[in-house]
Amino acid sequence: MSVIEAINIHKVYNPDSDVPVHALRGIDLKIDEGEFTAIVGPSGSGKTTLLNIIGGLDRPSEGKIIIDNQDISTFKDNELIDFRQKNIGFVFQSYNLIPVLTARENIEFVMLLQKRTEQEREARVMELVTAVGLEDKIHKRPNQLSGGQQQRVAVARALASKPKFILADEPTANLDSASTTQLLDIMHQLNREEKITFIFSTHDQRVIDRAERVITIDDGKVVNDEIQN
Amino acid sequence: MIWKLAWRNIFRNKRRTYITAASIALAVLTAASMRAIQKGAWDNMVDNVVKYYTGYAQIHANGYWEDKTIDLSFAYDEQVSSLATSIASIDQVVPRIESFALAAYGNKSNGTLVVGVDPIEEDNFTNLSDKVTQGAYLDPKDDGALVAEGLAEILNVGLGDTLTLLSQGYHGATAAGNYPIKGLVKFASPQLNRQMIYLSLDGASDFYDSQGLITSAAINLNSPDQLELTTSLLKAQLDPKTYEIKDYREMMPELMQAKELDIVSGYITLAILYLIIAFGIFGTILMMVKERTYEFGILLSIGMNRAKLGMTVWLETIFIGLLGACIGILISMPIVAWFSINPIRMTGEAATAYEKFGVEPIFPAAFDISIFLSQAFLVLIMTSILALYPIMTLQKLDPVQAMRA
């Protein structure tokens, strides 16, 4: 069953200028529930643009993004924010935790926005910190954590609201080898055990090697889409 | 969470927060001190003037203040004399009968203001006996006169000389009499010093042929703050067809206009001060928005709506404003308290000029909590308005563009 369906997605930046930039040129894509998918391609190929459009952060110039039988490209701004909060988890290259909040508060943050009860939040936080192996770091602020630990908190934050899928933009770009392996292990485990769909944009061969499906984009088009064993 | 986030965010860049809060604190300190000294100086001046002669309010026969004729006298009866008992805010009721008269001695004469007073009540109120420079103060049944020094000089009279007074008495009666000079008084105001003659109330009643009548009853209050209450109570108790109640503001409009002018000029100075501070705060907000555009993008991405994000940033600005205002108030309170106990004292010619008008040449600060609170409120309003900028910026912030910042 598809979680995300991208239909004929085009994205043109500065369409009315003399030099319009065609970032995406008719992408058709279906991502099924529980996939562990990497979107790869050279810099400027359109990976991040595609991820942004799938995540409702940007709008396509043409085409539709169907999530949960709804075309999110027609949503108003506030509807999109609300939709993202409930359905999508984001993991960014630079971790992007809120610096003034502790690890625990960062993980709790989206649940607070969703007005979850304290008991619910407590239970989910404990579940996630155990999953990412940071039980002893929950009261630390981001600047007291290593890069790998911060990214694990970011993954826990992304999962806190039990989203339909996680979009991770170059999540390992700033991590050393050991942290990358640890992070991928955690995400793979969550993918297998909780059937959470992960979609990465990446250059990192270690991520590509662990992905079950690799979609290659070049010049705004899907040039290869293969399932790996 | 919004409150926690906002509170912690203000300490992210401690130095900037402290500098901004310090500039606000300095503004509040300056503004509160300026206002306190300005208010204190005016309160002192009004208090001096009021206690010098007029009182905080006066009761007259209806229409007296327009015509100021002795024909518009009224009975100093139990209802008026007992007002200090019936209205708790009134400290004292001071009866007077006054009109103009010609004073003559030998071949010299001069226009004078002859005031009949109850020597004890008047002394309690205006400390008239302290102004006696030669001779003695009046007794309640005295048939002598206290003459202002300047007037005595004009008429070339001294202690023991007999002054002839001539005027028109109550309802056209001829007022004439001889009064031995019992004492000389000195007023700082040259105008008063050239024209004042005091008689006892009984002596003046005989002179004006107005037994049992007075032209004014000056009211002294326990506290100046009770003026509105007192005048409204007086208006309720006394028949408006018979009496008029005038407070010192109505009786001294020039003084009030001068006060208003001074206050307005003070406000202009404060407005300029706050404008400068506002630019400082706005600079901080601009830097904060610029530095955190990326973070705002992230927060929008993960689902924090613009209203909540705007509220967080707004609260941060308000917290800095309040922090500065509180520090400013805490610093200014002891300073203002010190100047209220140890007023700035003028010296030299400036002091002489003030003394001429019967005003003590001091500038005490008014320790009035409303001054501090109003400054804090002003800062709150100012920062609230300035904090609209990040809210407006957030309304149109594109998360993707923000995360590229």
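The values are calculated or read from the model by the stated rules, or taken from the named source; none is laboratory data. Note that the structure is a prediction, hence the values are computed from the model and not measured. As a convention, Cβ positions derive from the backbone with ideal geometry for all residues, glycine included, and neighbour counts pool all protein chains shown. These accessible areas exclude ligands, DNA and RNA; they are computed on the full protein's heavy atoms, side chains included. Shrake-Rupley method; radii C 1.70, N 1.55, O 1.52, S 1.80 Å.
The residues on offer are B:182, B:246, and the sole one that is touching a helix residue (DSSP H, G or I) at 6+ places or on another chain (Cβ under 9 Å) and of a type in the set (Lys, Arg) is B:246. Do the conditions hold for residue B:317, that is, is it touching a residue at least 12 places away in the same chain (Cβ under 8 Å), more than 15 Å from residue B:30 (Cβ to Cβ) and out of contact with any helix residue (DSSP H, G or I) (no Cβ under 6 Å at 6 or more places or on another chain)? The answer is no for residue B:317. Of the residues making up region B:13-44, those that are within 30 Å of residue A:113 (Cβ to Cβ) and away from chain A (no Cβ under 14 Å) are B:16, B:20, B:21.
The set of residues in region A:61-79 being open to solvent by less than 10 Å² (accessible area, probe 1.4 Å) and in contact with a Leu (Cβ under 9 Å, 6 or more places away or on another chain) consists of A:72 alone. Elements of the type helices (runs of 4 or more DSSP H) sitting completely within region B:313-399 and holding at least 3 residues that are more than 14 Å from chain A (Cβ to nearest Cβ) and under 20 Å from residue B:18 (Cβ atoms): these cover B:369-386. Just one of (1) at pLDDT 90 or above; (2) assigned by TED's automatic domain parsing to the domain that holds residue B:231 fails for residue B:58. It is (2).
The residue list B:291, B:349, B:355 contains one member that is open to solvent by 70 Å² or more (accessible area, probe 1.4 Å) and under 19 Å from residue B:43 (Cα atoms), which is B:355.
Here the condition is being over 19 Å from the mean Cα position of the chain (by Cα), among the β-branched types (Val, Ile, Thr) and not in a helix (DSSP H, G or I); of A:214, A:223, it holds for A:223 alone. Of the strands (runs of 3 or more DSSP E) lying entirely inside region A:27-146, those carrying at least 2 residues that are within 20 Å of residue A:165 (Cβ to Cβ) and at the interface with another protein chain (Cβ under 10 Å from one of its Cβ atoms) are A:88-91. Does at least one position in region B:374-387 carry a residue that is modelled with pLDDT of 85 or more, among the hydrophobic types (A, V, I, L, M, F, W, C), outside the structural domain of residue B:190 (by TED's automatic domain parsing) and in contact with a Lys or Arg (Cβ under 8 Å, 6 or more places away or on another chain)? Checked region B:374-387: no residue is modelled with pLDDT of 85 or more, among the hydrophobic types (A, V, I, L, M, F, W, C), outside the structural domain of residue B:190 (by TED's automatic domain parsing) and in contact with a Lys or Arg (Cβ under 8 Å, 6 or more places away or on another chain).
What number of residues within region A:182-211 satisfy the criterion of being part of a helix (DSSP H, G or I) and closer than 16 Å to residue A:91 by Cβ? Of the residues in that region, 14 qualify.
In the set B:10, B:87, only one residue is within 14 Å of chain A (Cβ to nearest Cβ) and either buried (at least 18 other Cβ atoms within 10 Å of the Cβ) or touching a helix residue (DSSP H, G or I) at 6+ places or on another chain (Cβ under 6 Å) (or both); that residue is B:10.
Can you tell me which of A:53, A:4, A:27, A:39 is out of contact with any Asp or Glu (no Cβ under 8 Å at 6 or more places or on another chain), closer than 19 Å to residue B:304 by Cα, open to solvent by less than 20 Å² (accessible area, probe 1.4 Å) and not basic (Lys, Arg)? Steps first, please.
On the way: A:4 fails: closer than 19 Å to residue B:304 by Cα; A:27 fails: closer than 19 Å to residue B:304 by Cα; A:39 fails: closer than 19 Å to residue B:304 by Cα.
Only one candidate passes the filter, namely A:53.
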